[in-house]
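See structure below.
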Amino acid sequence: MALRIDHTVTSGTFSLDGQTFDVDNNAWVVGDEHECVVIDAPHDAAAIRELVGDRRVLAVLCTHAHDDHVRTAPELADAVGAPILLHPDDRVLWDLTHPDRAPDRDLADGQIIEVGGAQLRVLHTPGHAPGAVCVHVPELGVVFTGDTLFAGGPGATGRSFSDFDVIVASIRDRLLPLPEDTEVRPGHGESTTIGAVRGQFDEWVARGY
């Protein structure tokens, strides 16, 4: 069976620096009819398990460790018998939400995760968070960007552990070189393309946020 992307939107909150916001998060499942990888585990583990069905889950892959992206990661991982993967630079954020449960394995820049005969390539893209990653799937022409890149611009950098200049460099150096028809599937909101981002990038940099 061909590789496919399944998607759901779950609602909850995001908390950091003493503030809490209501948010809607995308959760993505990539795989074939036999196996899959979950990208981010936000507010509702049951909704993600419904997408998974009876497939084997190879990993719960976290694009970064803000609480709205990892809140149900342990619950989901335990339910499906899969390891939680996180870049080690985001452990400081992970521990704010799950101080008593460590991720199972580290993610590294350039790491390849194989699922359904395809290769998911990890790109370390710090800025929104120090251990933020994107996941490029060339076979599908898609990059999952977490909160590094949205249709409206870079991810927010006004909170702890974030940096605007760093996120701009991540987008410029790691994402813009991808083929222009690559679909950008973010952690919140609608999708865009790398080509569209290229056309707006200079405006975003000049805007400064």
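The values are calculated or read from the model by the stated rules, or taken from the named source; none is laboratory data. What you see is a predicted model, and the numbers here were worked out from it, not measured in a lab. Cβ sites come from the backbone with ideal geometry, for glycine too, and all protein chains shown count toward neighbours. Areas reflect the complete protein model, heavy atoms only, side chains present, ligands, DNA and RNA absent. Shrake-Rupley method; radii C 1.70, N 1.55, O 1.52, S 1.80 Å.
For this structure, a couple of remarks:
- Shown for the stretch 43-150 is the translational diffusion coefficient from the Stokes-Einstein equation, using the Kirkwood radius over Cα pairs, a temperature of 10 °C and a viscosity of 1.306 mPa s: 112 µm²/s.
- Expected 222 nm ellipticity per residue - DSSP helices of 4 or more, -39500 (n - 2.57), all of the chain, to 500: -6000 deg cm²/dmol
- Highest-MSF residue in the chain out of 34, 124, 136 [GNM, Cα springs under 10 Å]: 34
- A straight line joining the Cα centroids of the stretch 33-112 and the stretch 158-182 runs 22 Å.
- Highest-fluctuation residue, 85, 149, 16 considered, GNM on the chain with Cα pairs under 10 Å: 16
- Per the Kirkwood formula applied to alpha carbons, the stretch 49-89 shows a radius of gyration over Rh ratio, Rg over Rh, of 0.97.
- Furthest towards positive pole of dipole, 10, 155, 66, structure part the chain, Cβ charges: 155
- For the chain, fraction of C-alpha pairs farther apart than 21 Å, in %: 48
- DSSP-defined antiparallel bridges as percent of all bridges, the stretch 29-90, nearest 5: 30
- Looking at the chain, the accessible area is 42 square angstrom per residue; that uses a 1.4 Å probe and ignores ligands, DNA and RNA.
- DSSP assigns beta bridges within the chain; of those with both partners inside it, close to 70 percent run antiparallel.
- Structural size metrics of the stretch 1-60, computed from C-alpha coordinates, are Rg and Dmax of 13.2, 46 Å.
- Apportionment of accessible area to carbon and sulfur, the stretch 39-135, percent (1.4 Å): 43
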